[in-house]
Amino acid sequence: MKRRLGIIAVGVTLLMSTAALAQSPRWTFVEAGYMDLDPDVGDSADGWFVGGNFGLKDLPVHFLAQYNEASFSGGDTDAWLLGGGWHGLLGDRADLLAELAYGDRGFDPDGGGSFSESFWTVRAGVRWLVLPILELDGFVARTEPDDSDSFTDYEVDAIFQLKRIGLGIGYNVGDDVDTAKAFVRWNFR
């Protein structure tokens, strides 16, 4: 019993000492993954996404891009997003962020008659490197489409960092669609 307590004490000490060495969240990365969309009305859909961020050296700004596709029982949907943002203020292990992006989403029903609409989205949140191997993120986004009602999304992510590779899971709650995702991230810095 004493040996187990000793091993646990050493493990906790190592974990706490590595937490003290944690760096700030990385802002230059690419990621890709699977997503499961669950709309309030209709059948769920499976899809994929790819995207990334590009941070500017030591400046507190970054650029972002994302593309995704999903297939519903009644057709296919896709969307792209381009924008930029600011991050900082919370010290070495956490960053607040504010982003502004422009995008377009489209729907191509099986019977024809596809449509597309552009939109602006504003997102704010926090990225927190709890441990050198664990990042927790939380965001709120407000989207203003050109031809339909605006909507708000809330998202949480957890990314397990293994050197430059991160394995992540996330969940997004929206006005009309909830989305679960699993992804892989490659950090450049």
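Every number here is computed from the coordinates shown, using simple stated rules; none is lab data. None of these values were measured; they are calculated from a predicted model.
Points worth noting:
- Per-residue ³J(HN,Hα) for segment 83-88, Karplus 6.51 cos²θ - 1.76 cosθ + 1.60, θ = phi - 60°, Hz, x for Gly and Pro: x, x, x, 10, 8, x
- Across segment 45-50, coupling constants 3J(HN,Hα) worked out from phi with the 6.51/-1.76/1.60 Karplus curve, θ = phi - 60°, read 9, 9, x, 9, 8, 9 Hz, and Gly and Pro carry x.
- Taking the longest Cα principal axis of the chain as reference, the axis of helix 2-20 is set at about 60 degrees.
- Karplus 3J(HN,Hα) series, Hz, for segment 176-189 with 6.51 cos²θ - 1.76 cosθ + 1.60 (x for Gly, Pro): 10, 9, 9, 9, 9, 9, 9, 8, 10, 10, 10, 8, 7, 10
- In segment 2-187, Cα pairs under 8 Å separated by at least six residues give a relative contact order of 19 percent.
- Computed over the Cα atoms of segment 2-187, pair by distinct pair, the Kirkwood hydrodynamic radius stands at 18.1 angstrom.
- Computed [θ] at 222 nm, deg cm²/dmol, the chain (DSSP H ≥ 4; -39,500 (n - 2.57); rounded to nearest 500): -3500 deg cm²/dmol
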